[in-house]
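The values are calculated or read from the model by the stated rules, or taken from the named source; none is laboratory data. Note that the structure is predicted; figures quoted are calculated from it, not measured. Cβ placement follows ideal geometry from the backbone for every residue including glycine, while neighbour counts extend to all protein chains displayed.
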Amino acid sequence: MAEIDHRQIDPRLEESEERYRAVIENASDMIQSVRPDGTFEFVNKAWLSTLGYAPEEVANLIVWDVIHPDEYDHCGPYFERAVQGEPIGYMQTTFVTRDKRSIPVEGNVTSRFLGDKVVATHGFFRDVTERNRAQELEARNVQLEREHQARYLEKMAALGKLSAGLAHELNNPAAAIQRASAGLGESLTQRDAAVRLLAEADPGDIGWRELAALLQEIDTSNRGDDAHDPLETSNREMAVEEWLDDHDVEDGWRLAPALVGAGVDDARLERLSDCIPTQSLGTALGWITETLAIHEAVDIIVRSSRRISELVASVKGYSYMDRATAQVVDIHEGVDSTLIILGHRLRDVKVTKDFQRDLPMVQVFGNTLNQVWTNILDNAIDATDGTGTISIRTRRDEDAIVVEIEDNGHGIPPEDLACIFEPFFTTKPQGAGTGLGLDTAWRIVSEEHGGTIVAESEPGRTTFRVSIPIESGAGSSTGVEGDT
């Protein structure tokens with residue numbers, strides 16, 4: 001124990017005093033005895049080792065030398081109360097070591113009296129640095145867990161929106177295939193019946209050749225050119241229906257739209273009637289219209305199947321579910337896949353693309369960059385109220401690939417622009433967004449890919465610029481021409 005005021009100990013109390021000294025010296029807590037004037041009466045070894053002072057230095061210190069200046073106002077009232085004889089059951093403060101390090105402490109203070117007068121205050125303090133650090137780590141872990149959970153929920157919400165849109169996109173061609181397939185069977189039955197009747201009537205070689213020629217003309221012509229002109233189409237249908245009625249063809253009202261839709265007019269029907277017996281004309285035209293219906297059904301099935309394949313391929317490319325985690329890819333593939341996946345939301349949005357298709361390949365990790373395009377495009381769609389224009393451009397900037405996504409929406413206010421990449425920041429109404437979409441995009445671009453993402457905005461123009469480093473040795477040109 002470092003003594004400042006050496007006192008002569010009564011021999012009768014020597015044994016008790018020695019025990020008292022041993023307890024204080026071996027205590028793990030810092031113990032200090034401070035006189036009312038602030039000087040130290042004594043301190044123990046734990047106090048010296050923790051604060052870094054030598055025993056002989058203590059005589060030149062006062063209590064305020066070891067208290068952090070920021071704590072003076074906090075500790076002053078405690079010291080005054082202790083000097084008045086009031087015990088301090090618990091207090092927290094910050095000590096300063098000899099080398100100016102700050103140490104958070106907690107403890108209690110009692111007073112020692114000589115008669116009715118306080119001659120010293122005894123403080124018992126412990127270093128709580130490690131405990132505070134553990135509490136901070138625990139709080140940080142809790143915060144990280146909450147952020148992880150929030151990001152997971154954000155991802156699930158985004159996945160739910162994409163799944164709903166994808167289900168809608170898949171349902172349309174699937175329903176078209178189902179309708180076409182149902183009509184295909186009926187058309188085949190009716191056409192077979194018409195063929196049998198025609199064979200029985202035997203229109204002759206000239207008649208069969210004329211029917212074949214008409215089908216060939218229909219297949220090689222541009223059907224539906226007047227579909228955009230309802231009045232002209234109606235007039236043609238009326239003319240064909242009148243011609244059919246004049247030639248005693250039954251169900252002329254049903255045959256006329258199909259014939260006009262295939263580009264057949266009354267003049268062409270007149271040529272056909274010269275080669276087909278009058279009694280077989282209705283059967284021949286029925287065979288023609290059913291054949292057209294079959295061709296149309298097959299065309300619908302082919303186009304719808306192709307659309308489903310395109311959607312499935314886009315989902316596959318969007319998720320990279322058949323590839324390893326790290327892949328060297330053409331960055332345009334991910335952008336294109338994302339546009340297809342978001343097709344249900346982009347239905348009324350004009351999307352323009354200015355892709356520099358000969359850009360080098362880049363290394364990506366799983367489907368994470370597609371999340372970036374999804375989050376930026378999703379915000380752009382909201383900013384334009386789903387009816388504006390979104391422009392996507394790609395280019396090379398030294399050793400990086402730059403993707404710019406620009407919209408003509410209402411823009412981001414300057415006071416919000418500086419905060420858009422912060423977690424949980426959102427300008428959307430409550431319940432419409434978690435504020436993690438752009439934070440996630442920033443983390444993916446900067447932390448996973450070592451790139452940058454910045455935003456510029458003014459009313460009518462907002463641009464997100466994503467820069468992804470080109471993987472060393474990975475960049476061979478794709479050799480595909482750019483598109484707009």
Across segment 231-257, the tally of residues that are of a type in the set (A, V, I, L, M) and crowded, with 19+ Cβ neighbours inside 10 Å stands at 5
Screening Glu200, Glu210 for residues that are part of a helix (DSSP H, G or I), acidic (Asp, Glu) and surrounded by 13 or more Cβ atoms within 10 Å (Cβ to Cβ) leaves only Glu210
In segment 88-126, anything touching a strand residue (DSSP E or B) at 6+ places or on another chain (Cβ under 8 Å), surrounded by fewer than 12 Cβ atoms within 10 Å (Cβ to Cβ) and of a type outside the set (Phe, Trp, Tyr) is listed as Gly89
Picking from Glu398, Glu406, the residue that is without any contact (Cβ under 8 Å) to a residue 40 or more places away in the chain, more than 11 Å from Val349 (Cα to Cα) and not hydrophobic (A, V, I, L, M, F, W, C) would be Glu398
For segment 261-277 the number of residues that are at pLDDT below 80 and closer than 30 Å to Ser181 by Cβ is 3
Result of the Cβ filter at 7 Å on segment 186-203, keeping first residues that are closer than 12 Å to Thr289 by Cβ and partners that are aromatic (Phe, Trp, Tyr) and modelled with pLDDT of 80 or more, at least 6 apart or interchain, is Arg191/Trp287; Ala194/Trp287
Taking segment 37-53 and keeping only residues that are touching a helix residue (DSSP H, G or I) at 6+ places or on another chain (Cβ under 9 Å), crowded, with 16+ Cβ neighbours inside 10 Å and farther than 21 Å from Asp99 by Cβ, one is left with Thr39, Phe42
Glu422: passes all of (1) surrounded by 14 or more Cβ atoms within 10 Å (Cβ to Cβ); (2) touching a helix residue (DSSP H, G or I) at 6+ places or on another chain (Cβ under 7 Å); (3) at pLDDT below 90 but (1)
Restricting attention to segment 362-381, does a residue exist that is farther than 20 Å from Leu438 by Cα and not assigned by TED's automatic domain parsing to the domain that holds Ala167? yes
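Residue by residue, here is whether (1) modelled with pLDDT of 80 or more; (2) charged (D, E, K, R); (3) closer than 24 Å to Asp192 by Cα holds:
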position: Leu231; (1), (2), (3): yes, no, no
position: Ser234; (1), (2), (3): yes, no, no
position: Gly252; (1), (2), (3): no, no, yes
position: Leu259; (1), (2), (3): yes, no, yes
position: Gln279; (1), (2), (3): no, no, yes
position: Ala284; (1), (2), (3): yes, no, yes
position: Ile288; (1), (2), (3): yes, no, yes
position: Ser305; (1), (2), (3): yes, no, no
Going through (1) farther than 23 Å from Gln363 by Cα; (2) at pLDDT 90 or above one by one, Arg396 fails only at (1)
Inset, instruction - Test Trp287 against the criterion of being under 26 Å from Ser181 (Cβ atoms), part of a helix (DSSP H, G or I) and of a type in the set (Phe, Trp, Tyr), and give yes or no. - result: yes
